[in-house]
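A.B. asks: Attaching a single structure in C-alpha cells format; questions to follow.
Just so it is clear, none of the values below were taken in a lab; they were calculated from the coordinates. Values in this document were obtained by computation on a predicted structure and should not be read as measured data. With ideal geometry, Cβ positions are generated from the backbone for all residues, glycine too; neighbour counts draw on all protein chains shown.
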Amino acid sequence: MADLVVDPTRHLVKRGARLIKLTPKEFSILELLLRRKDEVVSRTVITEHVWDYNFDGMSNVVDVFMAALRKKIGDTGKKKIIQTVHGVGYQIASENEA
Amino acid sequence: MRLRGIRFKLTIWYALAFSIAGSLVFLSFYLLARQALYYQTDSTLSTHGLKVMEVALRQGTGMHDDLAKQAFLDEFSKIPGMLIVIADDKGEIVGSSAIYGDSNETIASLMREVGRSDKQSFFSQRIGTSLLRFWTNPIAKDGRVIGVILVAHPIDVIENSLSDLVSAMSVVYVSLVMLTTFGGYWLAKGATSPIRDITEKITKIGTENLSEKVDVPKTGDEIEDLAQTFNGLLDRLDSAFKRERQFIGDVAHELKTPLATLMGEIELALTKKRKSDEYRRVLTEALVDARRLGDTLTNILDLAWSQTDAKLERVDLSAVVNDLNEVAKKLALAKRITVKNNIKAGIFVLGKKDKLSRAVLNLIDNAIKYTNEKGRVEINLNKEKGQAVIKVVDNGSGIGKTDLPHIFERFFRGNGPETAGSGLGLPIAQAIVEAHRGKLKVMGNSGKGTTAIIYLPPTKL
C-alpha cells in the first residue's frame, strides 16, 4: 500500500503513477487521518477539522465523504488503507502501509 | 398608608413645596402692604410738618406770643388726631396741640431727645393707649437751629388693618395648604393606582397562567410603557417556558424507547458470563445506540434553542451552500442521483454559520431521501429583491396532500418510503430560518417532487 503518495504542500495525491483529483474537503480528511496515523479519529473530530463546525445529528455525512474518498483512491480491496472502527471513527494503521 | 409609598412621598412634597411658596407670597404681600400704608402716613405727616414749619419760621420770634401760637396750632389740628408740638433749641415746649392729657410728660421727654438731632426722622411710639407715628424735624433759620417741630398721628387703624390682614391671610393660607395636601394626595393616588393595578395583576401571574397579560392603559404615558414592557417580558417568559416544556416532552417522547432498548441490551449481556468477543459486540452496539441517542438529543436541543442566542456573524452563504453542494453530491452517490447546482457567489447574510448550514443540509437530506434512484436534485442560491434565496428542488416522491399541513410538526413522519428520519428535519430547518428572521416554504405534489425555499433577509453591515 506504500504506493499512496500525499504531498500536502502541493495538494497532490498519487496512487502509483496515477494522479488522483480530490476535492479540498476530501484532501483534508485524508491529511488528517495520515497526520494521526495509528490513532482512531472520530467522526466528530473529522467534521470539526474539515468544516470548522459540526454536523451534529448528521454523523453520516462523514461516512459519505469517506466512501467517496475510498473510491477515489481505489481503497476498495480486502485490506483497506482506511479502516472503519465500528461505531467510533476511522484509522490509518501503519502496518498496512508496510 | 405606607410611609415609604410614592403616594405619601408625593403628597408630602406637594404640601411642603406649597407651604414654602405660599408663605413667601403671603409674607411679601404683608410687607408690601405695611410699607405702603406707612409710606402714606409718613408723607402726610411730613407734608403737614413742613407747612407748620413754614408758618413758624414766618412768624419768627412771634412764636412766644401765646395767642398767635394757639391760632396756628388750632388751624393745623383740624385734622383729627393730628398732634403738633414745637420746641425751642433747648428742647422746651413752646407750643403744643396736645390733647393727650397725662401723656404730656412723655412728649416733653421725647422733645428733649429729638432736640439733639439735626435731621428729620420717622418713628412709631405708643403714648397712653394708642400707637402714634411721629415725624420730627429741626427748625433752622440762617443755618442755626432754633427749635424742633414734631408732628404725630395715631396709626391704630393701620396696625389694626395689618393684623386683620394677617389673620385673614392665615385662614386662607391654612385652608390652601390643606387643600393642596388633599389635592396632592388625590393626584398621587390617581397617578399611582395603575401601578398598583399592574402590581396586583403580576402577583397573580405564575407559571400556570403566563399567557395572561397586564391591562395596558391607553394613556400614552410612562405607565403605558411600563405595562407594555411587562407584557413583552411575559411574552418572552411564556415562549421560553413553552419551549422548555416542549423540550422536556420531546426528550421524553423520543429518548425513552431507544434508552429502554439500550438498557435491555446491556442487561441481557450481563445475565451470564460471555466471551470477550461477545462483550465487544454488545459494547459496539451500545456505542452506536448511544451515539444515535446523542444525535437525537442534539436535534431536540437545536430545535429548542435555535431561537435563543442572538450573537450573529457575517456568514458567506455562498461558501456554505457550496460546501453543502459537495455533501449533497456524496449523499446522492449511493442512489445515483444527479445533483445540479446554480450557486451565485458573494452572497452574505447575518446569522450563525453552523445553524444555517444545518437548515440547508436538512432540506438537502430530505430531497435526497425522498428521491428515487437516478433522480435529480437541484440546489440554487440567488438574490431576489435583496433577499438571499436558497432553493432545493427534487423530482422525488413529493408530499401527499394529507401530509402537507403537518410537515413542520415535530416527529411527524409522512407515509413516504421506509427511509423515514427523525421527524425533526423540517421543524429544525424552520426554527433556524425563523430565528434568522427568514421564511421557509415547502411545496410538494405527490409523485411530482418537492421544492423547498429559504428566504433570508439581506445583510446590513
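A.B. asks: If each of B:K256 and A:R36 carries a label point 7 Å out from its Cα toward its Cβ, how far apart are those two points in nm?
C.D. replies: 3.8 nm
A.B. asks: Between B:T106 and B:Q387, what is 0.36 nm times their sequence separation minus the Cα-Cα distance? Round to one decimal in nm.
C.D. replies: 90.4 nm
A.B. asks: Right, next: With Cβ to Cβ distances under 13 Å as the rule, what net charge do the other residues near B:A452 carry (K, R +1; D, E -1)?
C.D. replies: Values: positive: B:K369, B:K391, B:K439, B:K441; negative: B:D365, B:E378, B:D394.
Overall, the nearby charge balance is +1.
A.B. asks: Sort B:337-344, B:373-380 for me by packing, meaning the mean count of neighbouring Cβ atoms within 10 Å per residue, highest on top.
C.D. replies: Sorting B:337-344, B:373-380 by mean packing, highest first, produces B:373-380, B:337-344.
A.B. asks: Using the Karplus curve 6.51 cos²θ - 1.76 cosθ + 1.60 with θ = phi - 60°, what ³J(HN,Hα) values do you get for each residue of the stretch B:260-277, in whole Hz, with x for Gly and Pro?
C.D. replies: Going residue by residue, I get 4, 4, 4, 5, x, 4, 5, 4, 4, 5, 8, 5, 8, 5, 10, 6, 4, 4 Hz, with x marking Gly and Pro.
A.B. asks: Report, by chain and number, residues whose modeled amide H sits under 5 Å from the one on B:A140, excluding near sequence neighbours (fewer than 5 apart, same chain).
C.D. replies: It is B:I146, by chain and number.
A.B. asks: In what sequence, highest mean first, do B:362-370, B:428-436 appear when ranked by Cβ atoms within 10 angstrom?
C.D. replies: Listed from highest to lowest mean packing, they are B:362-370, B:428-436.
A.B. asks: When only Cα pairs under 8 Å and 6 or more residues apart are kept, what is the percent relative contact order across chain B? Before the final figure, lay out each step's value.
C.D. replies: Values: 624 pairs, mean separation 45.0, N = 461.
Here the relative contact order equals 10 percent.
A.B. asks: Something else now. Nearest 5 percent is fine: what portion of the DSSP beta bridges confined to chain B is antiparallel?
C.D. replies: Roughly 90 percent of the beta bridges in chain B run antiparallel, per DSSP.
A.B. asks: May I ask which of A:K25/A:K72; A:K37/A:K78; A:K72/B:K374; A:K72/B:K369; A:K25/B:K383; B:K329/B:K374 have a Cα-Cα span longer than 18 Å here? Numbers along the way, then the final one.
C.D. replies: On the way: A:K25/A:K72 13 Å; A:K37/A:K78 20 Å; A:K72/B:K374 21 Å; A:K72/B:K369 24 Å; A:K25/B:K383 27 Å; B:K329/B:K374 13 Å.
Too far apart for the 18 Å limit: A:K37/A:K78; A:K72/B:K374; A:K72/B:K369; A:K25/B:K383.
A.B. asks: Moving to a separate point now. List, in order, the whole-Hz ³J(HN,Hα) value for each residue of the stretch A:22-35 obtained from phi through the Karplus relation with A = 6.51, B = -1.76, C = 1.60 and θ = phi - 60°; use x for Gly and Pro.
C.D. replies: After applying 6.51 cos²θ - 1.76 cosθ + 1.60, I find 10, 6, x, 5, 4, 4, 6, 5, 4, 5, 4, 5, 5, 5 Hz.
A.B. asks: Averaged across B:327-335, how many Cβ atoms of other chains sit within 10 Å of each residue's Cβ atom?
C.D. replies: On the way: counts 8, 1, 3, 12, 8, 1, 4, 2, 0.
Averaged over the peptide's residues, the number is 4.
A.B. asks: Using a Förster radius of 25 Å, what is the FRET efficiency between B:D156 and B:L50 based on their Cβ-Cβ separation? Nearest 0.05, please.
C.D. replies: 0.55
A.B. asks: Take each of the peptides A:10-21, B:36-47, B:149-160, average the number of other beta-carbon atoms within 10 Å over its residues, and list them starting from the highest.
C.D. replies: By packing density, highest mean first, the sequence is B:149-160, B:36-47, A:10-21.
A.B. asks: Can you list residues whose amide H is under 5 Å from A:L4's amide H, if they're 5+ apart or on another chain and H is modeled 1.01 Å from N?
C.D. replies: A:G16
A.B. asks: In chain B, with Lys and Arg counted as +1 and Asp and Glu as -1 at Cβ, which of these residues, B:G249, B:L187, B:L31, has the Cα nearest the positive end of the dipole, that is, farthest along it?
C.D. replies: Most positive-ward Cα: B:G249.
A.B. asks: Whole Å is fine, so just give me how far the alpha carbon centre of the stretch B:197-226 lies from that of the stretch B:325-386.
C.D. replies: Here the two parts' Cα centres lie 47 Å apart.
A.B. asks: Apply the Karplus parameterisation 6.51 cos²θ - 1.76 cosθ + 1.60, with θ equal to phi minus 60°, to every residue of the stretch B:42-49 and state each ³J(HN,Hα) to the nearest whole Hz, in sequence, with x for glycine and proline.
C.D. replies: Once θ is set to phi - 60°, the couplings for the stretch B:42-49 become 4, 5, 4, 4, 5, 4, 5, x Hz.
A.B. asks: Measure up B:K242/B:K441; A:K79/B:K335; B:K201/B:K311 against 32 Å on the Cα-Cα distance and list the ones that go over. Don't skip to the end; give the middle numbers.
C.D. replies: On the way: B:K242/B:K441 24 Å; A:K79/B:K335 26 Å; B:K201/B:K311 34 Å.
Checking Cα-Cα distances, B:K201/B:K311 exceed 32 Å.
A.B. asks: Considering amide H positions built from the backbone, and no H for Pro or chain starts, which residues 5 or more places from B:L424, or on another chain, come under 5 Å of its amide H?
C.D. replies: B:F411
A.B. asks: Around B:K335, under 10 Å between beta carbons, what's the net of Lys plus Arg minus Asp minus Glu among the other residues?
C.D. replies: Residues close to B:K335 contribute a combined charge of +2.
A.B. asks: I would also like to ask the following. Decide, for the stretch B:238-390, between rounded, prolate and oblate: order the square roots of the alpha carbon gyration tensor eigenvalues as a ≥ b ≥ c, take rounded if a/c falls under 1.5, and otherwise choose prolate if a/b is larger than b/c, else oblate.
C.D. replies: Here the stretch B:238-390 falls in the oblate category.
A.B. asks: Compute the distance in nm between two label points, each set 7 Å from the Cα along the Cα-to-Cβ direction, one at B:L350 and one at B:E373.
C.D. replies: 4.9 nm
A.B. asks: Additional query: How many partner chain Cβ atoms sit within 10 Å of a residue's Cβ in peptide B:291-300, on average, as a whole number?
C.D. replies: 3
A.B. asks: Compute the length gained on full extension between B:K204 and B:I266: take 0.36 nm times their separation in residues and subtract their Cα-Cα distance, giving the result in nm to one decimal. It would help to have the intermediate numbers written out before the result.
C.D. replies: Numbers: separation 62, 0.36 × 62 = 22.32 nm, distance 4.93 nm.
Contour length minus the Cα-Cα distance gives 17.4 nm.
A.B. asks: Taking the Cα centre of the stretch B:373-455 as the origin and placing charges on Cβ (Lys, Arg +1; Asp, Glu -1), which of B:G425, B:V389, B:H406 is farthest toward the positive end of the dipole?
C.D. replies: Farthest towards the positive end: B:V389.
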